[in-house]
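A.B. asks: Here it is, the structure, as structure tokens.
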Amino acid sequence: MTSPPATESPAVERDPGSWRDPGGFVYRRDGVLYRQIGPSAIDDWTAFVASGLAERLIADGRLIGHDDAPLADAATDDARAVIRPRPIEFVSYPYEWTFGELQDAALLTLDIQRAALDAGWTLKDASAYNVQFRDARPVFIDSLSFEPHEDGTPWVAYRQFCEQFLAPLALMARRDIRLAALLRANPDGVPLDLAASLLPWRTRLDLGLLSHLHLHASSQRRHAADDDDGQSAKSARISRQRLTGLIGNLRSTVAKLRWSPGGTEWADYADHTSYSDAATVAKERLVRAAVERVAGERIWDLGANTGRYSRIAAETGRRVLAWDVDPAAAERTYRGVRSEGRGDILPLVLDLANPSPGIGWAGTERRSLLERADPDGILALALVHHLAIGRNVPLPMVVDLFARLAPWAIVEFVPKDDVMVRRLLATRRDVFPDYTLDGFRAAATTRFEVVSEEPIEDSPRTLLVLRRR
Amino acid sequence: MSELLAYIDPGSGSLIIQVVIASIIAIPIFFRSQISRLSRTIRGPKEEPTPVDDVASRD
């Protein structure tokens, strides 16, 4: 089929991560999010919308909803339909999720595939990037991922699912939680042969991991050099009933993976602070009053630990991203938030000294954290000493990053005579003569105005509220 | 066939292994159904008991 190249309207800003599926793409026009459906996908789309499956998945919150938009809003003149998907508050990536978040996203994908098969449909892709977190629960955002399932055909996205979900989850649960970093290094998913070689031998005793990971990796290796023009792959036939059984088995393999937070650096930190009860009460009161001053509802709690102060910020009606460098602390927060059924706090994993870079094609397919950052205010409670002393970051650079992130910063400054800082300095030379409250204030006032500065009762610490100049 | 239309590479090895795994998973299901068929043959059908052995079969 030949057709003239589509001309694109100049006001359109294409999403840098939406180009793999030729069926359509996501873009913005005047700040509004759209998805257009092209000629190759229009029949499937029309049938999917009419199928009842779409309606069910949207109604129970598993698939993102959308409104129909006029063709006049299309990005290119070959569009056959245009929709306005409900926007996601903050776009996060799998390498920023906790173990439980990645697992819940995986289970959501399989549950959707199961529901799709029951209705005669199938997911044509199973990328982890098709899932986002809305109100702290996973939601499938790629409305164009559905195509009719022809009975007898295997799942085309099985490989992608195993590489993007199963392999990293198994590595995190059965080898080391820090292997989540492989997701950042491999935006297309963790190669199965790599996962198989890194996993402990005993994972072969788990029938699910043996099949979907180890045997799967061997099968890929064995058939990689098949020189039969895809004939052996084309002759792979599987009844829908058996395919449903396979999805069910994959689901229980994923659901059985367990990782208990603990044993990492910070998970018990809240229980081991230097705070007296009186100081805790005083700090909570000061933080609440400080958050209430922030104009706007998006708060990023940097160094949230298990989310104590994220909850206080949320109690003032704010929407909170609870970031922490420790996957165990973030996982605990996620489990707490999930069991309370609250949607105003989303825990995520972040090393502020090494935030997510732009990755994928042209380094822009998955945007850097700083590009996505749009909080109205940040909480940096007992954080500065970890950056300034723990990571040797000069105070003016810490302040610059805060100012880049948000117009308001609520900072708890922990001085050198505090037991937590003494501990950081116990085994090293003190090369931080500027690390004092005066030194911090001097650095802060180059970018911020100090709105308030109050000592925290019964502790040597100070809470500063800063507004960007 | 939809795999020919797939825009991602489904991978030959990944398609073939699904058939293998699904067959293995199906074995216990097959045996379970055979065993229950066998027990039905031996003990007689449970679903439609006659009035007499309905009473007898209740503990």
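The values are calculated or read from the model by the stated rules, or taken from the named source; none is laboratory data. Given the structure is predicted, the values throughout are model-derived calculations rather than measurements. Ideal geometry is used to build each Cβ from the backbone, glycine not excepted, and the neighbour counts take in all protein chains shown. Protein only, heavy atoms only, side chains kept; ligands, DNA and RNA dropped before computing areas. Shrake-Rupley method; radii C 1.70, N 1.55, O 1.52, S 1.80 Å.
A.B. asks: Residues A:Ala59, A:Ala69, A:Ala41, A:Ala50: which one is away from every other protein chain (no Cβ under 14 Å) and buried (at least 16 other Cβ atoms within 10 Å of the Cβ)?
C.D. replies: After ruling out the rest, the residue left standing is A:Ala69.
A.B. asks: Next question, about the same structure. Checking B:Ser12 against (1) modelled with pLDDT of 85 or more; (2) out of contact with any His (no Cβ under 8 Å at 6 or more places or on another chain), which single condition isn't satisfied?
C.D. replies: For B:Ser12, the failing item is (2).
A.B. asks: Now a separate question. For the stretch A:88-102, check the following and say yes or no: at least one residue is in a helix (DSSP H, G or I), within 14 Å of another protein chain (Cβ to nearest Cβ) and not basic (Lys, Arg).
C.D. replies: No: the stretch A:88-102 contains no residue that is in a helix (DSSP H, G or I), within 14 Å of another protein chain (Cβ to nearest Cβ) and not basic (Lys, Arg).
A.B. asks: Tell me which helices (runs of 4 or more DSSP H) are completely within the stretch A:120-225 and hold 1 or more residues being small (Gly, Ala, Ser), or say none if there are none.
C.D. replies: Result: A:167-174, A:181-185, A:192-198, A:216-223.
A.B. asks: Also, quick follow-up: Just for the stretch A:213-258: of the residues that are at pLDDT 95 or above and of a type in the set (Val, Ile, Thr), which one is most open to solvent (accessible area, probe 1.4 Å)?
C.D. replies: The extreme case among them is A:Thr244.
A.B. asks: Another question, if that's okay. Is it true that A:Val131 is without any contact (Cβ under 8 Å) to a residue 60 or more places away in the chain, over 23 Å from A:Ile42 (Cβ atoms) and away from every other protein chain (no Cβ under 14 Å)?
C.D. replies: Numbers: without any contact (Cβ under 8 Å) to a residue 60 or more places away in the chain: yes; over 23 Å from A:Ile42 (Cβ atoms): yes; away from every other protein chain (no Cβ under 14 Å): yes.
So A:Val131 fits the description; yes.
A.B. asks: For a quick check of your reading of the model, give me the residue pairs whose first member lies in the stretch A:323-350 and is among the small types (Gly, Ala, Ser), whose second is part of a strand (DSSP E or B), with beta-carbon atoms closer than 7 Å and at least 6 apart or on different chains.
C.D. replies: Once the first residue is among the small types (Gly, Ala, Ser) and sits in the stretch A:323-350, its partners that are part of a strand (DSSP E or B) give A:Ala330/A:Asp324; A:Ala330/A:Pro347; A:Ala330/A:Leu348; A:Ala330/A:Val349; A:Gly343/A:Arg137.
A.B. asks: Go through the stretch A:109-119 and give me each residue that's in a helix (DSSP H, G or I) and more than 29 Å from A:Arg29 (Cβ to Cβ).
C.D. replies: First, the residues of the stretch A:109-119 that are in a helix (DSSP H, G or I): A:109-118.
Hits for the stretch A:109-119 are A:Thr109, A:Leu110, A:Asp111, A:Gln113, A:Arg114, A:Ala115, A:Ala116, A:Leu117, A:Asp118.
A.B. asks: For the stretch A:110-159, give me each residue that is within 26 Å of A:Leu179 (Cα to Cα), open to solvent by 20 Å² or more (accessible area, probe 1.4 Å) and touching a Gly at 6+ places or on another chain (Cβ under 6 Å).
C.D. replies: Matches in the stretch A:110-159: A:Arg159 only.
A.B. asks: I'd like to check which helices (runs of 4 or more DSSP H) are fully inside the stretch A:391-464 and have at least 1 residues that are modelled with pLDDT of 95 or more and surrounded by fewer than 19 Cβ atoms within 10 Å (Cβ to Cβ).
C.D. replies: Values: elements: A:395-405, A:419-425, A:437-444.
Qualifying helices (runs of 4 or more DSSP H): A:395-405, A:437-444.
A.B. asks: Just the residues that are more than 17 Å from A:Leu250 (Cα to Cα), open to solvent by less than 90 Å² (accessible area, probe 1.4 Å) and polar (S, T, N, Q), please, taken from the stretch B:9-45.
C.D. replies: Scanning the stretch B:9-45 gives B:Ser12, B:Ser33, B:Gln34, B:Ser36, B:Ser39.
A.B. asks: Search the stretch A:417-443 for residues that are without any contact (Cβ under 8 Å) to a residue 40 or more places away in the chain and pair each with any residue that is open to solvent by less than 50 Å² (accessible area, probe 1.4 Å) and in a loop (DSSP other than H, G, I, E, B) when their beta-carbon atoms are under 7 Å apart and the residues are at least 6 apart or on different chains.
C.D. replies: Listed pairs, sorted by first residue: A:Val421/A:Val414; A:Val421/A:Pro415; A:Thr436/A:Pro415; A:Leu437/A:Pro415.
A.B. asks: Being modelled with pLDDT of 95 or more, open to solvent by 30 Å² or more (accessible area, probe 1.4 Å) and more than 24 Å from A:Ser356 (Cβ to Cβ): is that true of A:Leu210 here? Spell out the reasoning first.
C.D. replies: Working: modelled with pLDDT of 95 or more: yes; open to solvent by 30 Å² or more (accessible area, probe 1.4 Å): yes; more than 24 Å from A:Ser356 (Cβ to Cβ): yes.
In short, yes.
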